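What follows is a short report on a single structure.
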Amino acid sequence: MQQVAGSLMNGLGIIVGSLIGIFGGRNLSEQFRDQALRIIGVVVILIGLKMAWPLPDAINTLLSMVLGLWLGSWLRIDDRLEQFGKWAESRVGRSGFAKGFIAGTLIFNIGAMSILGSLQNGLTGTYSILATKAVLDGTTAMILTSVAGWGVIAASVVTVVYEGGLSLLASDLAPVLRGILLTDITVVGGLMIAAIGINFILNNNTIKIGNLLPALFFPVLLLWLKNHGIYFL
């Protein structure tokens with residue numbers, strides 16, 4: 001239980017923040033919601049670009065994004081996520097699931113803080129990083145839920161499973177998820193988060209974020225190629 005305490009705390013933080021956003025958001029005007037969504041978009045872009053900078057290997061990052069987009073488009077990930085969102089909405093009779101769920105899942109789970117916090121919890125039993133992240137994610141969820149839909153709260157389940165899984169596998173993953181690989185994954189994830197911000201500003205799904213998800217795995221392949229003498233830059 002101690003090994004996954006941090007991920008459970010993080011999930012609880014998201015749930016609490018989401019509930020505040022759900023019930024408090026009812027008192028917000030439509031004009032405020034619209035403007036708040038765009039302001040959140042600007043901040044999310046800044047967060048994403050901060051994660052992606054400095055860009056250590058621009059070619060590998062571009063390849064990861066393009067190859068990931070190609071694979072995601074072929075698998076129709078974004079369409080399937082949209083279908084899942086519509087199914088969830090029909091089951092509970094409420095709209096706005098897909099947008100909040102996808103945005104929340106990516107924002108809460110992409111980045112070094114999530115990975116390092118999970119590894120710390122799994123290896124040492126302490127969860128100071130994830131406790132800090134719980135506060136940050138809870139605050140983000142509160143604002144995000146009020147303008148992007150109740151699906152944000154469902155992202156807490158993904159967060160607990162993802163971070164809890166990393167914590168339980170920490171002893172095996174720690175030697176791998178570090179150094180250049182962690183940096184490359186964080187850069188790709190940062191650009192994906194910036195893309196979420198762009199969609200928020202435009203208030204549509206111009207960039208198919210779901211189709212970009214496989215891009216997070218291509219840095220592993222490209223690093224393996226680089227270690228075997230195959231460079232693209």
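Summary of values
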item: Of the criteria (1) closer than 26 Å to Gly122 by Cβ; (2) buried (at least 19 other Cβ atoms within 10 Å of the Cβ), which one Leu173 fails; result: (2)
item: Pair list, Cβ under 8 Å, 6 or more apart: segment 148-162 residue more than 14 Å from Gly138 (Cβ to Cβ), other residue open to solvent by 40 Å² or more (accessible area, probe 1.4 Å) and assigned to a helix (DSSP H, G or I); result: Ala148/Lys99; Gly149/Lys99; Gly151/Lys99
item: Only one of Lys133, Lys99 that is closer than 18 Å to Thr159 by Cα, of a type in the set (D, E, K, R) and modelled with pLDDT under 85; result: Lys99
item: Unique residue being open to solvent by 40 Å² or more (accessible area, probe 1.4 Å), assigned to a loop (DSSP other than H, G, I, E, B) and touching a residue at least 12 places away in the same chain (Cβ under 8 Å) when the list is Ile201, Ile207; result: Ile207
item: Residue in segment 67-90 that is acidic (Asp, Glu) and open to solvent by less than 40 Å² (accessible area, probe 1.4 Å) present; result: yes
item: Condition check for Ile143: more than 20 Å from Leu213 (Cβ to Cβ), of a type in the set (Val, Ile, Thr) and touching a helix residue (DSSP H, G or I) at 6+ places or on another chain (Cβ under 7 Å); result: yes
item: Conditions (1) in contact with a Lys or Arg (Cβ under 9 Å, 6 or more places away or on another chain); (2) of a type outside the set (S, T, N, Q); (3) open to solvent by 20 Å² or more (accessible area, probe 1.4 Å): number failed by Asp57; result: (3)
item: Number of the condition not met by Ser114 [criteria: (1) closer than 30 Å to Asp172 by Cα; (2) among the hydroxyl-bearing types (Ser, Thr, Tyr); (3) open to solvent by 20 Å² or more (accessible area, probe 1.4 Å)]; result: (3)
item: Of residues in segment 26-53 being of a type in the set (A, V, I, L, M) and at pLDDT below 80, the one nearest to Val187 (Cα to Cα); result: Leu37
item: Criterion: touching a residue at least 12 places away in the same chain (Cβ under 8 Å), of a type in the set (D, E, K, R) and farther than 19 Å from Leu8 by Cβ - qualifying residue of Asp137, Asp78; result: Asp78
item: Identity of the residue in segment 146-183, of a type in the set (Ser, Thr, Tyr) and touching a helix residue (DSSP H, G or I) at 6+ places or on another chain (Cβ under 6 Å), that ends up modelled with the lowest pLDDT; result: Ser146
item: Test for Glu163: is it open to solvent by 10 Å² or more (accessible area, probe 1.4 Å), within 17 Å of the chain's Cα centre (by Cα) and closer than 30 Å to Ile22 by Cα; result: no
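The values are calculated or read from the model by the stated rules, or taken from the named source; none is laboratory data. Since we're looking at a predicted model, the values are computed, not measured. Note that we place each Cβ from the backbone using ideal geometry, even for glycine, and neighbour counts take in every protein chain shown. Areas reflect the complete protein model, heavy atoms only, side chains present, ligands, DNA and RNA absent. Shrake-Rupley method; radii C 1.70, N 1.55, O 1.52, S 1.80 Å.
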